[in-house]
Amino acid sequence: MSPSRITEMKPELSMDEPAAFCGLLSCALERRADLLSRLHAEETDAYRLFHGTAEGRPGLTVDRYGGLLLVQSFHSPLPQPELAALEAFYAGVFPGLSVVYNDRSRPNSRILNELSPESVAAAVEPRQARELGVRYRIQGRHAGQDPWLFLDLRAARRRVMQEAAGKSLLNVFAYTCGVGIAAAKAGASSVMNVDFSRTWLDVGEENARLNELSSPVSFVHCDAFAALRQLSGLGQPRFVRRKRLPDFPELGKRQFDRVFLDPPRYAKSPFGVVDVVNDYAAMFKPAWLCTAEGGTLICCNNAAQAERETWLDQLERSARKAGRPIREAEWISPESDFPSIDGRPPLKIVLLRP
């Protein structure tokens with residue numbers, strides 16, 4: 001079913017009645033029937049069951065992570081009668097799942113809704129979810145806000161696994177290292193995960209322990225700019241305008257067969273500003289220089305206002321300025337549990353070859 005067809009099929013139902021709300025959930029589940037059958041056959045029990053922005057309830061998402069059903073609202077709280085109806089609906093489809101509801105409709109998407117003692121225990125329980133045979137650590141609530149595995153990146157992780165055998169991988173803005181662990185599971189020759197947060201790298205190390213990995217995997221606690229500039233050979237000074245920068249590990253110049261770049265929408269550190277709309281090139285150039293000839297760089301952009309072709313044009317201009325034009329570009333679309341909105345994928349992923 002095409003993305004445009006999914007958009008056309010959105011039911012025009014009133015949200016005043018829990019029954020009408022369950023109608024939306026049922027339609028979404030029916031559209032995913034074939035996908036879920038394929039995913040289950042691939043040892044995958046982590047996927048999006050309801051993508052409200054494209055399926056009739058903007059700002060609401062329902063995700064399955066193994067034995068956890070994670071419900072999140074971003075525009076407004078989910079009324080209790082509808083939450084109860086949602087729990088009852090999915091209990092009839094996936095018996096035994098623990099439901100955790102996170103209301104993230106307040107500023108900065110902070111989770112502020114209180115849970116019952118029973119729900120708190122379910123929310124903080126360490127769990128496992130599987131994707132393409134790889135195991136990942138999951139919790140409904142933790143020290144951060146976002147789930148520990150971004151489900152819309154499944155298509156990218158799948159592609160990385162298809163190309164990983166015998167290849168080296170650099171995973172930048174690694175978060176909990178899902179891409180790196182997937183590559184190692186698929187037989188990568190080596191994997192380097194880089195993230196500024198020791199907390200998220202610790203989860204990545206736990207993910208590594210959950211899987212039988214024969215590949216050497218490293219977890220580098222470092223600002224992405226400092227790591228990329230060193231690995232690319234551009235260099236990272238320890239002083240800028242006579243001001244000492246925070247400490248960072250010393251890394252030698254190196255190129256990788258595969259590089260994965262998944263920056264946040266916006267972030268600022270003493271080493272630079274991450275801005276995927278206005279200055280993606282600041283990260284792209286050193287990442288491109290880290291990519292070996294004949295290798296691939298996969299770039300992600302999660303900003304809705306960034307148009308695909310405009311973004312790709314920026315990358316092409318940056319590559320030419322770096323003296324390494326892009327030889328080939330291939331779009332990777334999220335899988336069908338993340339339906340497009342007005343024909344545009346919710347996440348932009350492009351694979352580039354120098």
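Here are the numbers:
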{"item": "Odd one out for Phe94 among (1) among the aromatic types (Phe, Trp, Tyr); (2) closer than 14 Å to Asp63 by Cα; (3) touching a residue at least 40 places away in the same chain (Cβ under 8 Å)", "result": "(3)"}
{"item": "Segments classed as helices (runs of 4 or more DSSP H), wholly inside the stretch 165-247, with at least 3 members that are in contact with a helix residue (DSSP H, G or I) (Cβ under 6 Å, 6 or more places away or on another chain)", "result": "178-185, 224-232"}
{"item": "So Ala28, is it assigned to a helix (DSSP H, G or I) and buried (at least 19 other Cβ atoms within 10 Å of the Cβ)", "result": "yes"}
{"item": "Criterion (out of contact with any Ser or Thr (no Cβ under 6 Å at 6 or more places or on another chain) and either touching a residue at least 12 places away in the same chain (Cβ under 8 Å) or acidic (Asp, Glu) (or both)) met by exactly one of Gln145, Gln80, Gln139", "result": "Gln139"}
{"item": "Positions within the stretch 62-75 being within 17 Å of His51 (Cβ to Cβ) and either outside any strand (DSSP E or B) or not assigned by TED's automatic domain parsing to the domain that holds Asn102 (or both), in sequence order", "result": "Phe74, His75"}
{"item": "Residue tally, condition assigned to a strand (DSSP E or B) and touching a strand residue (DSSP E or B) at 6+ places or on another chain (Cβ under 7 Å), over the stretch 99-139", "result": "14"}
{"item": "Subset of the stretch 132-158 [under 19 Å from Ala208 (Cα atoms) and charged (D, E, K, R)]", "result": "Arg135, Arg137, Arg154, Arg157, Arg158"}
{"item": "Pro263 vs. criteria surrounded by 15 or more Cβ atoms within 10 Å (Cβ to Cβ), touching a residue at least 24 places away in the same chain (Cβ under 8 Å), assigned to a loop (DSSP other than H, G, I, E, B) and not hydrophobic (A, V, I, L, M, F, W, C)", "result": "yes"}
{"item": "Residue, farthest from Ala33 (Cα to Cα), within the stretch 82-98, restricted to residues that are out of contact with any helix residue (DSSP H, G or I) (no Cβ under 9 Å at 6 or more places or on another chain) and outside any helix (DSSP H, G or I)", "result": "Gly96"}
{"item": "Options Leu201, Leu251: the member that is in the same structural domain as Glu316 (by TED's automatic domain parsing), closer than 14 Å to Val172 by Cβ and over 20 Å from the mean Cα position of the chain (by Cα)", "result": "Leu251"}
{"item": "Any hit, the stretch 234-253, residues being within 23 Å of Tyr136 (Cβ to Cβ) and surrounded by fewer than 20 Cβ atoms within 10 Å (Cβ to Cβ)", "result": "no"}
{"item": "Of residues in the stretch 162-214 being in contact (Cβ under 8 Å) with a residue 40 or more places away in the chain, of a type in the set (S, T, N, Q) and crowded, with 24+ Cβ neighbours inside 10 Å, the one farthest from Pro263 (Cα to Cα)", "result": "Asn207"}
{"item": "Looking only at the stretch 43-67, and only at residues there that are of a type outside the set (Gly, Ala, Ser) and out of contact with any strand residue (DSSP E or B) (no Cβ under 8 Å at 6 or more places or on another chain), the one that is surrounded by the most Cβ atoms within 10 Å (Cβ to Cβ)", "result": "Glu55"}
{"item": "Given (1) modelled with pLDDT of 95 or more; (2) closer than 24 Å to Arg158 by Cα; (3) assigned to a loop (DSSP other than H, G, I, E, B), number of the condition Met1 does not satisfy", "result": "(1)"}
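The values are calculated or read from the model by the stated rules, or taken from the named source; none is laboratory data. No experiment lies behind these values; they were computed from the predicted model shown. Glycine also receives a Cβ, built like all others from the backbone with ideal geometry; neighbour counts cover every protein chain displayed.
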